[in-house]
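Let me begin by presenting the structure, written as structure tokens, before commenting on it.
The values are calculated or read from the model by the stated rules, or taken from the named source; none is laboratory data. Remember, it's a predicted structure, so these values are computed and weren't measured experimentally. Here the Cβ positions follow ideal geometry from the backbone for every residue, glycine too, while neighbour counts run over all protein chains shown. The area values use the complete protein model at the heavy-atom level, side chains included, leaving out ligands, DNA and RNA. Shrake-Rupley method; radii C 1.70, N 1.55, O 1.52, S 1.80 Å.
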Amino acid sequence: FTIGLVTTSLALHAPSQIAASVKKYAHQAGYQVLISMIDEDVNQSIQDSINELKSQRVERVIINIPLESAEAERIYENNRDILCLFLDVDPTSPVFNVCFNPADGSRASVEYLLDLGHREFALLAGPEESVSSRLRLESWQKTLTEKGLQPVTVVHGDWSAKSGYYGALLILRETPQFTALLVGNDQMALGVISALHQHNVAIPQQVSIIGYDDTYDSAFFHPALTTVSLDLDLQSKEAVGLLLATEPDTTSRILPAQLVVRNSTR
Ligand code: IPT
């Protein structure tokens, strides 16, 4: 038996952790996993991947590609002959999905920093075309607005450490008056830390940083990163379990995310 995994770039930490966990849980259930990796989120290439999996008689497919609800629905409708489960859509989307609540961790991050006394927030979000990046950003902004605050700047990266590094340089140059920097994922936070070290900005004494994901490496950044923990192993376990159930119950599940406080905030 084989299940399919159509995934975004495995060069990124979170999707590669998910792929490893999907494989682990599928193997435990006696299934193989066929992985099809897509670099650009073009709907046609998602359908090509699904068709290829179908030609290998795969009938259950996990899709870890950031998709707006309309795109995900189209893919779901066009593939009624198999079971598709989505990992990176708006959790309120009608398609079968197992996703994290994007508001949980983002709200907790802002509230934690507000409690510490921060008022000047810079936001370094993930790519504009990623649904989870957008939902995290919206939730940061909403929480700030509720407190009558505006971010000093909003910048986008592409999830990579390199983009975090250049994003931080841009913020330091254009709007240096911030004491807290919220970052869309931990890889970008790694680049941010590197840029701030180079400019002798002390973390957390001058600037507090909070990331997102809590990948296996994040506790070993310097300083150890305060971040929003997504239990990607649990997400994968739930997804495989739901997909392989004999009588699949296609009710979506929403998973909690929580703030993990380490040494990059004060
Ligand atoms: C999401 C990660 O949070 C982010 O760091 C990046 O790796 C992205 O995936 C890639 O698409 S996790 C996803 C299950 C929402």
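Considering only beta bridges that DSSP places wholly inside the chain, some 10 percent are antiparallel. Whole-Hz Karplus values for segment 180-192 come out as 9, 10, 8, 10, x, 7, 6, 5, 5, 4, 4, x, 4 Hz, taken residue by residue from phi with 6.51 cos²θ - 1.76 cosθ + 1.60 and θ = phi - 60°; glycine and proline positions read x. Using the alpha-carbon atoms, what tilt in degrees (0 to 90, nearest 10) does helix 43-55 show relative to the longest principal axis of the chain? So the inclination is approximately 40 degrees. In the chain, the longest principal axis of the Cα atoms and the axis of helix 161-174 are about 30 degrees apart. Only protein heavy atoms count here; on that basis, with a 1.4 Å probe, L232 has an accessible area of about 10 Å².
For a bin width of 5 Å, list the pair-distance distribution of the chain built from all Cα-Cα distances, rounded to whole %. Once binned at 5 Å, the Cα pair distances of the chain give 1, 6, 14, 17, 18, 14, 11, 8, 6, 3, 1, 0.
Per residue, segment 159-266 exposes 44 Å² of accessible surface when a 1.4 Å probe is rolled over the protein heavy atoms with every protein chain present.
Lysine pair count for the chain with Cα-Cα distance under 25 Å and sequence separation of 8 or more or different chains is 5. Per residue, the convex hull spanned by the alpha carbons of segment 71-141 comes to 78 Å³. Where the centroid of each part is defined by its Cα atoms, how far is segment 74-147 from segment 3-45 in Å? What the calculation gives is 21 Å, centre to centre.
Leaving out ligands, DNA and RNA, what percent of the accessible area of segment 106-162 is carbon and sulfur, probe 1.4 Å? It is 46 percent, rounded to a whole number.
The stretch between R266 and H222 holds 14.4 nm of extra length on full extension. This uses 0.36 nm per residue minus the Cα-Cα distance. Across every direction, the projection of the convex hull enclosing the Cα atoms of segment 25-182 has a mean area of 11.3 nm². Taking every alpha-carbon pair in segment 54-95 and binning the separations at 10 Å intervals from zero gives 31, 55, 14, 0 percent. Enumerate by residue number the trypsin sites (Lys or Arg not before Pro) in segment 101-180 meeting two conditions: DSSP loop (anything except H, G, I, E, B), and at most 16 other Cβ atoms within 10 Å of the site's Cβ. Here the trypsin sites (Lys or Arg not before Pro) that fit, given the DSSP loop and packing criteria, are R119, K147. Could you work out how far helix 232-244 tilts from the main Cα principal axis of the chain, as a 0 to 90 degree angle to the nearest 10? For 232-244 against the chain, the angle is about 20 degrees.
A 1.4 Å probe, protein heavy atoms only, puts the accessible area of K237 near 110 Å².
The residues neighbouring D115, those whose beta-carbon lies less than 12 Å from its own, together hold a net charge of +2 under the Lys/Arg +1, Asp/Glu -1 convention. For segment 110-266, the calculated P(r), taken from all Cα-Cα distances in 10 Å bins from zero up to the bin holding the longest distance, is 11, 40, 32, 11, 5, 1 percent.
The length gained on full extension between Q56 and L255, counted as 0.36 nm times the residue separation minus their Cα-Cα distance, comes to 68.5 nm.
Note that segment 156-240 carries a Kirkwood radius of 13.1 Å, evaluated over its alpha carbons pair by pair.
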